[in-house]
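Notes to accompany the following structure.
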Amino acid sequence: MRNVFNTPTLIVITGFAGTGKSTISTQLSNYYQIPRLEVDALRDVIRASEEFFGDDGNSTGLTKEIIFALAHSFLKCGVSVILDMHMWHSRDWDRLHKLIVESGKIITYKFILHCPYEVCAERVEARHQADPTHFLGKHNIDDYKFKWEALYALEIPDAVLIDATPPPVEVFNEIVKHLGVS
C-alpha cells in the first residue's frame, strides 16, 4: 500500500491508556505508508535525555509542542501524518485546532478510541506485566482515571468515537472505513 491521500491529511488517534492508540496508529501508518508521531515515545526520549533528566512535570507538555510542530512541518510539505496522543484536556484540542488552521488546506480526521475504564485498566496491567518498565500498571492506573473521565466528557463534535473494545483488527477496519481510502 502507498500513500493514497491526494491532499495532505492529518489523522488523529486518541483515547485513554489501553484503548489501542499505538497499535491502531502503527497499523494505519504501515497500511498507508505515512509517518506516525507518537507522544509517548518522544516523551520517553525527552525524559531520558541528559538535558532533561527525569520528569519535572513539563515533559509531556513539551513533547506535545514538539509533536504539533513536527506535524505542522510535515503537513506544510504536503506529507500526511498520524498523531498518536492522549488528548484529555481542552488545551490539547485547542492546540490541534491551531495546527489545523495554520497548516492550510488539509483534511483532518479525529478518532477517539473508547473502552470501558475496567477494560482499559486490564489492558494496561497486561502491558505492565509484559513490560514492567512501562509506567502505567495496576499500581497506579487509578491515579489517572480523571483523564479517562475528562476525555470522554469533552464534546468534540467533529470527532468520531470508535468502540475500541473489539480486537485491534476490527477497530482498524472501522477506522479505514471512515477514512474512505484504501
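The values are calculated or read from the model by the stated rules, or taken from the named source; none is laboratory data. Quick caveat: nothing in here was measured; it's all calculated off a predicted structure. Neighbour counts run over all protein chains shown; Cβ positions are idealised from the backbone, glycine included.
Per-structure values
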{"read-out": "Of the criteria (1) part of a strand (DSSP E or B); (2) out of contact with any helix residue (DSSP H, G or I) (no Cβ under 6 Å at 6 or more places or on another chain), which one residue 82 fails", "value": "(2)"}
{"read-out": "Residue satisfying condition, being over 27 Å from residue 30 (Cα atoms) and buried (at least 18 other Cβ atoms within 10 Å of the Cβ), within set 141, 175", "value": "141"}
{"read-out": "Residue in the range 96-112 that is farthest from residue 21 (Cα to Cα), counting only those that are basic (Lys, Arg) and surrounded by fewer than 18 Cβ atoms within 10 Å (Cβ to Cβ)", "value": "105"}
{"read-out": "Breaking point among (1) part of a helix (DSSP H, G or I); (2) buried (at least 17 other Cβ atoms within 10 Å of the Cβ), for residue 129", "value": "(2)"}
{"read-out": "Every residue from the range 159-182 that is in a loop (DSSP other than H, G, I, E, B), free of Cβ contacts under 8 Å to residues at least 60 places away in the same chain and β-branched (Val, Ile, Thr)", "value": "165"}
{"read-out": "Scope the range 113-126; condition in contact with a strand residue (DSSP E or B) (Cβ under 6 Å, 6 or more places away or on another chain) and either small (Gly, Ala, Ser) or exposed (fewer than 13 other Cβ atoms within 10 Å of the Cβ) (or both); matching residues", "value": "none"}
{"read-out": "Identity of the residue in the range 28-66, modelled with pLDDT under 80 and among the hydroxyl-bearing types (Ser, Thr, Tyr), that ends up nearest to residue 4 (Cα to Cα)", "value": "60"}
{"read-out": "Per-region count, the range 141-158, residues outside any helix (DSSP H, G or I) and in contact with a helix residue (DSSP H, G or I) (Cβ under 9 Å, 6 or more places away or on another chain)", "value": "2"}
{"read-out": "Count - residues of the range 67-86 that are modelled with pLDDT of 90 or more, surrounded by 15 or more Cβ atoms within 10 Å (Cβ to Cβ) and within 20 Å of residue 45 (Cβ to Cβ)", "value": "11"}
